[in-house]
Amino acid sequence: MLSNNKKIATLFTSLLLSLLSINCHAQPPVVSCPATFSDEHGTYRLINVRLFDGPICNKVELVPEFKKEKVIWILDTRMDPSLVCLYNGTSHYIVLDAKGATSCEKKGVPVQAECMQ
């Protein structure tokens, strides 16, 4: 009986460590820009993003770092970032509250943008 309890405890511990390891490596986005934006006139493709500290009306735009195929913003926990998604062929844009994010990045063609914890 003791041997079975040890096996169960070992199996449980290994499963728990595996789950913790997966959770530490997987960083789900806090927010991400939709790939397209649609209105009554058409569907528009994401072409660029801008990041602001606080509401965009305060005009405190953050400057990114450029790394190969990515644009990266490293954020301070005291910031309240707003991710602005810009779309080709329209003056409309989407503003996403990225509070809690520690970094944001823009990459690829087609463009993808997200903020992560």
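The values are calculated or read from the model by the stated rules, or taken from the named source; none is laboratory data. It should be emphasised that the depicted structure is a prediction, and the values quoted were computed from it without experimental measurement. Here the Cβ positions follow ideal geometry from the backbone for every residue, glycine too, while neighbour counts run over all protein chains shown. The protein model used for the area step is the full one, side chains on, heavy atoms only, and it has no ligands, DNA or RNA in it. Shrake-Rupley method; radii C 1.70, N 1.55, O 1.52, S 1.80 Å.
With the requirement that a residue be under 23 Å from Gly100 (Cα atoms) and more than 13 Å from the chain's Cα centre (by Cα), what does region 71-90 give you? It would help to see each step written out before you state the result.
Taking region 71-90 and keeping what is under 23 Å from Gly100 (Cα atoms), we get 71-86.
Selection gives Asp76, Thr77, Arg78, Met79, Asp80, Leu86.
This table checks each residue for (1) open to solvent by less than 100 Å² (accessible area, probe 1.4 Å); (2) modelled with pLDDT of 90 or more; (3) assigned to a loop (DSSP other than H, G, I, E, B); (4) in contact with a strand residue (DSSP E or B) (Cβ under 7 Å, 6 or more places away or on another chain).
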residue: Val30; (1), (2), (3), (4): yes, no, no, yes
residue: Phe37; (1), (2), (3), (4): yes, yes, no, yes
residue: Arg45; (1), (2), (3), (4): no, yes, no, yes
residue: Met79; (1), (2), (3), (4): yes, yes, yes, yes
residue: Ser91; (1), (2), (3), (4): no, yes, yes, no
residue: Ile94; (1), (2), (3), (4): yes, yes, no, yes
residue: Gly100; (1), (2), (3), (4): yes, yes, yes, yes
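For region 58-77, which positions are among the hydrophobic types (A, V, I, L, M, F, W, C) and either part of a loop (DSSP other than H, G, I, E, B) or buried (at least 16 other Cβ atoms within 10 Å of the Cβ) (or both)? Don't jump to the end; show me each part of the working.
Filtering region 58-77 down to residues among the hydrophobic types (A, V, I, L, M, F, W, C) leaves 60, 62-63, 66, 71-75.
Answer for region 58-77, where residues must be among the hydrophobic types (A, V, I, L, M, F, W, C) and either part of a loop (DSSP other than H, G, I, E, B) or buried (at least 16 other Cβ atoms within 10 Å of the Cβ) (or both): Val60, Leu62, Val63, Val71, Trp73, Leu75.
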Exercise. Among what's in region 102-117 and is within 15 Å of the chain's Cα centre (by Cα) and open to solvent by 80 Å² or more (accessible area, probe 1.4 Å), pick the residue that is farthest from Pro29 (Cα to Cα).
Key: Gln112
Quiz item: How about region 47-57: which of its residues are exposed (fewer than 15 other Cβ atoms within 10 Å of the Cβ) and at pLDDT 95 or above?
Solution: Ile47
